[in-house]
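Structure, as structure tokens:
Just so it is clear, none of the values below were taken in a lab; they were calculated from the coordinates. All of these numbers come straight from a predicted model, not from anything done at the bench. Positions of Cβ are backbone-derived with ideal geometry, glycine not excepted, and every protein chain shown enters the neighbour counts.
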Amino acid sequence: MGDEEIMAVVSDAGPLIHLSEIGGIALLQLFGIIHVPHTVLFEISKHRKNISKEITIADHNLPELQIIEFTRKAGLEKLHSGERECLYLCRQINQSILLTDDLAVRAVAKSLQITPVGSLGIVIKVYKDSRISLAEAEQYKSDLCDISSLFVTRTIVELVIEQLHKKTGN
Amino acid sequence: MENIMANLEALVRETHKSETEVMALALQTGIRQLMRELILGRYLRGEISRDEAMETVGIDWVELAEKQRDAIIEDLAWAMKK
């Protein structure tokens, strides 16, 4: 078990899709509950029918008018509807972590005092909590780069693996 | 391999180019992408300057690589904290 139990997070489609593409959806068991706006869950379930079998997902139907108001106040017009709903959901249920692989969403999340975490970060955290070995973490990272639809510069993945080796002294 | 052949056939059909032309374009595109990865990698490892990287791959790719690097540094810090 890790140093810190993270009971719940909000997630947009990115990490759920990318991790499922590499057979790593169970890594999300790190979090007790994954809160997802219905718009996002609908989008994911078009491609991944059984995603909620391995993890606990809370599906949220969000009020359209409030999201429109939140979008206007926070200036989120450039984001997709699912991303806006994720940020709104973080606020509504008082969750401070948003799982996202979108760089624009990351920037907005930080401005709203929400901590964004991407698929690579999830793999590192699961490894750090001793739920997978270093070799497994390295494999997941390479697969995110080579197999999943996540777009990431290969050197970034290599640098992360180097950092993991340094921090763990392996 | 099966997938590559299916994609090749689709490209020939959809672009109305010959298989040879499509293969030549694929090689060009692949080499360009690999070179871009190489240059961005060298920049991120501090082996070449930002200006040198921009000159070769353009500012958009350099900025994207920087944003990805910053994101992963943040993720790493979050994941490793006690």
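List of remarks:
- Using a cutoff of 8 angstrom between alpha carbon atoms and counting only pairs six or more residues apart, the relative contact order for chain A works out to 26 percent.
- Ranked list, fewest to most other Cβ atoms within 10 Å of each Cβ, for B:Ile59, A:Ile44: B:Ile59, A:Ile44
- Remark: mean inter-chain Cβ contacts per residue of A:150-157 equal 6, using a 10 Å Cβ-Cβ cutoff to other protein chain atoms.
- Cα centroid separation, segment B:47-82 to segment A:100-122 (Å): 15
- For chain B, the longest principal axis of the C-alpha atoms and the axis of helix B:19-44 are separated by about 10°.
- Principal-axis analysis of the Cα atoms of chain A puts helix A:119-128 at an angle of about 50° to the longest axis.
- Crossing angle, helix A:64-74 versus chain A [Cα axis fit, 0-90 degrees, rounded to tens]: 70
- Mean separation of Cα contacts under 8 Å (6+ apart) over length of segment B:2-80, as relative contact order %: 17
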